[in-house]
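Worksheet: the structure to be examined is printed underneath.
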Amino acid sequence: MSQNTTENETQDISTATARCYCYQQHQPRVSSQAWALGHSGHAARRPFRWPALLTPDGRGIGFGGDYNPDQWPEEVWDDDIRLMKKAHVNTVALAIFSWDRIEPYEGVFDFGWLDRIIAKLGTNGIATDLATATAAAPLWLYKAHPEVLPVEKDGSIINPGSRQSWRSTSPVFREYALTLCRAIAEHYKNNPYVIAWHINNEYGWNNSHDYSDDAERAFQQWCKNRYRTIDALNTAWGTAFWAQEVRSFDDVILPRHMGNDAMANPSHQLDYERFCSDALKEFYIAERTAVERICPGKPFTTNFMIAAGQCELDYADWSDEVDFVSNDHYFTPGEAHLDELVCSDSLVNGISLGNPWYLMEHSTSSVQWKPVNARKRSGELIRDAVAHVAMGADAINFFQWRQSRSGAEKFHSAMLPHAGENSQIFQDVCELGRILDSLSAAGLQGSRVSRSQTAILFDVDCEWASRCGTLPSSQISHWDDVCTWYRAFLDVSARADVVPLRGDWSGYGTVVLPAMLVLSDREAERLKSFVRAGGRVIIGYASGLADGNFRVALGGYPGVLRDVAGVRSEEFNIIGDLPGEPAKIMLSDGSASRLWQNVVTSVGPDAQTLAVYEGEAAADWEVEGLPAVVRNRYGDGTAYYIGCDLDQADISQFLRRELGMCSGFPALSGYAGDRCGSDGSPAEVVHIRRECDAADFDFYFNRSKDAVSLSDAAGEQIMIYRGSSGRADGGLSQDTCRKYILERNGFLVMKTGHTVGEGNS
């Protein structure tokens, strides 16, 4: 404890030490999956533990953000706390980039400033999520040990001056980092205001790939652990091609830069991506273990980065190693803004196995690291935050509390902007705090997102594989296809779940494989067993082509899924912006393919062709009359094979026409009309339910630019934002309202109570 801690604060700490840091969650009506998501599929998963707030019962939806008081003079701190209380902030993340302030010289630690701010925050009811401060090392370390710096693919050394300028495989850096971890843990192990440990920060954002000699030695050992024999590695990588065979694991090299026109071995590259994720995970585990041996009583997390275009690490694998899942999400500007947010959150919810998760970072408005940094429109700050809550987040945090005056992130928006408290952003932050308090009071915390009937499968190996430069087309993206399918379901008033491939999706009625390029024998057999047992699978155009080692599955496409799909394709027809060539090929059902068509040459006896290629372009490309969409009976189930790329609108038509719109939401039994679901919700509305033993919470979000109307939304109105409610006859009444108008960025939250054991599926 710091010498700066007062006698009264000491008494507060002593009294509060007995606080339970992990409270009991509401129990769901459906038990959580007893399933670990790691590479083996059966690795031990750490028990779910959630940090308790500094409230009398430890409960409440967390609200706050990254706080960097060391970047400001201490006379600012009291005003920060005043404004935090005004905004209903109850938690902050501290010391994320503060290594240099905590250890200004090697072996010399200064906790005084950190003690003072933690005490100030804690006595005002604001809890601390304390970081290990290892994300950005001090310059004195780099000067003394330049060998810890990462190496680029071309052999150039990364210079210090940014964050994460260190290699995870460096034994030298690890020793310094773990020394810091142990010092921080020892100092704050009994501090009741510290409610959780924030290990490092955004692993892999700057240093996911390292081509140093340390990394090469670690990669050699990783390969030895994975393959056991050098023959097995040579077989997996197909090293007979281009004289790449290795005679021992000491001969294994990293896929460094080989020339501007060189093409890397795809199997080698995929394993390197897996290794990079594992190397950083090992470093995280080392940091966590160092803290946990000293301070085991508080939960541990690190912030993932699951969002559009961000797939640096295998987060499904990492999730086994955290006590609660945390994620950073930054919005995608444009018309997909809300849809992408909900889609990404669905994957986070799947990775957390349905347990509540922690939104560690998002933005109040614009960021500063994109080519075009769009701001948020009126209402989007609050709408986005509540959408995250609807999708399972029990903590809403921003980067950051006070907008920086200097440094690389000074133009990144914050809760308290450059303009100060007399700003629209801060007023919106205050309103959001009140809204989250209302949701907490209504009993939302600890509830779970209601399970859909449809799972869209995501696999990081497929995303990494789709980035390979030697595929039939460089324009395929596994994640983009996941989002396209997800949005298509929303367009027909349904909601699917995004589930990790290695997770438990056996209880779903339908699973979708969007550009599932790589499939291990194990996962292929799981899919076949699912269909044989009566399930329905939708196989996308680039699915099943390669095995788990990124080797082509022989015999015709779609490779390992050929029997369940009931088709055999001999070739790909790839089109695009080619001079003088057609830009799209039409299908007989009115759809269009603009990139990829599988040339299907045979269809099984139990298969039925639902659509063929037709028209002048089809004839020109010699695919006219060939099957494009096929339905196959396999065991007791059904497989749909979509042998070409379809856009969002065409996928929506497929869902309506061929599936009769099997709703992905339990409360929706089918599709009714062109723009309206069976519950009265138009397609312009995202409908999400969270449930617990005591109640269901229904969230309705306007996903369009125009006002939308809702009818017969059941339950008690908890809140309506940017909207109005009234009776169908036009009279206004909060008690009897049956009609709701949601303006742009508006939402509605309803609560329906029920007795324990009562179901809704």
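The values are calculated or read from the model by the stated rules, or taken from the named source; none is laboratory data. In this text, all values refer to a predicted model and were calculated from it rather than measured experimentally. For neighbour counting, all protein chains shown are included, and Cβ atoms are generated from backbone atoms with ideal geometry for every residue, glycine included.
Going through region 288-320 one residue at a time, which ones are buried (at least 21 other Cβ atoms within 10 Å of the Cβ) and assigned to a helix (DSSP H, G or I)?
Matches in region 288-320: Arg288, Ala290, Val291, Tyr315, Ala316, Asp317, Trp318, Ser319.
Looking at (1) buried (at least 22 other Cβ atoms within 10 Å of the Cβ); (2) in contact with a strand residue (DSSP E or B) (Cβ under 7 Å, 6 or more places away or on another chain); (3) of a type outside the set (Phe, Trp, Tyr), can you tell me which one Cys223 breaks?
Cys223 satisfies every listed condition except (2).
Would you be able to tell me the number of residues in region 738-749 that are farther than 17 Å from Leu432 by Cα and buried (at least 20 other Cβ atoms within 10 Å of the Cβ)?
Number satisfying all stated conditions: 2.
Filter region 229-267 for residues that are charged (D, E, K, R) and closer than 15 Å to Lys153 by Cα; which is nearest to the chain's Cα centre (by Cα)?
Within region 229-267, the match that is nearest to the chain's Cα centre (by Cα) is Arg256.
Here are some residues: Val600, Val623. Which one is modelled with pLDDT of 95 or more, of a type in the set (Val, Ile, Thr) and more than 26 Å from Gly534 (Cβ to Cβ)?
Val623
With Gly509, Gly534 as the choices, which residue is more than 19 Å from Asp563 (Cβ to Cβ), surrounded by fewer than 21 Cβ atoms within 10 Å (Cβ to Cβ) and more than 18 Å from the chain's Cα centre (by Cα)?
Checking each option against the conditions leaves just Gly509.
Please specify each residue of region 378-394 satisfying the condition of being touching a helix residue (DSSP H, G or I) at 6+ places or on another chain (Cβ under 7 Å) and of a type in the set (D, E, K, R).
Result: Asp384, single match.
Test Val389 against the stated conditions and say whether it is under 19 Å from Met305 (Cα atoms) and either among the β-branched types (Val, Ile, Thr) or at pLDDT 95 or above (or both).
yes
Condition (residue is over 18 Å from Asp480 (Cβ atoms), charged (D, E, K, R) and not in a helix (DSSP H, G or I)) applied to region 498-513: is it met by at least one residue?
Yes, some residue in region 498-513 is over 18 Å from Asp480 (Cβ atoms), charged (D, E, K, R) and not in a helix (DSSP H, G or I).
Go through region 419-435 and give me each residue that's under 16 Å from Gln400 (Cβ atoms) and either of a type in the set (S, T, N, Q) or without any contact (Cβ under 8 Å) to a residue 12 or more places away in the chain (or both).
Ala419, Gly420, Ser423
Out of all the residues in region 207-228, which are over 29 Å from Asn159 (Cα atoms) and of a type in the set (Lys, Arg)?
Of everything in region 207-228, those that are over 29 Å from Asn159 (Cα atoms) and of a type in the set (Lys, Arg) turn out to be Lys224, Arg226, Arg228.
Give me the pairs, please: first residue somewhere in region 682-710 and in contact (Cβ under 8 Å) with a residue 12 or more places away in the chain and over 15 Å from Leu748 (Cα atoms), second residue anywhere and among the charged types (D, E, K, R) and part of a strand (DSSP E or B), beta-carbon distance under 6 Å, and either six or more positions apart or on two chains.
Every condition considered, the pairs that remain are Ala695/Lys751; Lys705/Arg744.
Please state which one of Gly107, Gly38 is under 25 Å from Asn200 (Cβ atoms) and at pLDDT below 95.
Step by step, each of Gly107, Gly38 is checked, and only Gly38 is under 25 Å from Asn200 (Cβ atoms) and at pLDDT below 95.
Somewhere in region 208-231, is a residue part of a helix (DSSP H, G or I), acidic (Asp, Glu) and touching a Leu at 6+ places or on another chain (Cβ under 6 Å)?
yes
Going through region 516-547 one residue at a time, which ones are in a loop (DSSP other than H, G, I, E, B), in contact (Cβ under 8 Å) with a residue 60 or more places away in the chain and within 20 Å of Ser473 (Cα to Cα)?
Across region 516-547, the qualifying residues are Gly540, Tyr541, Ala542.
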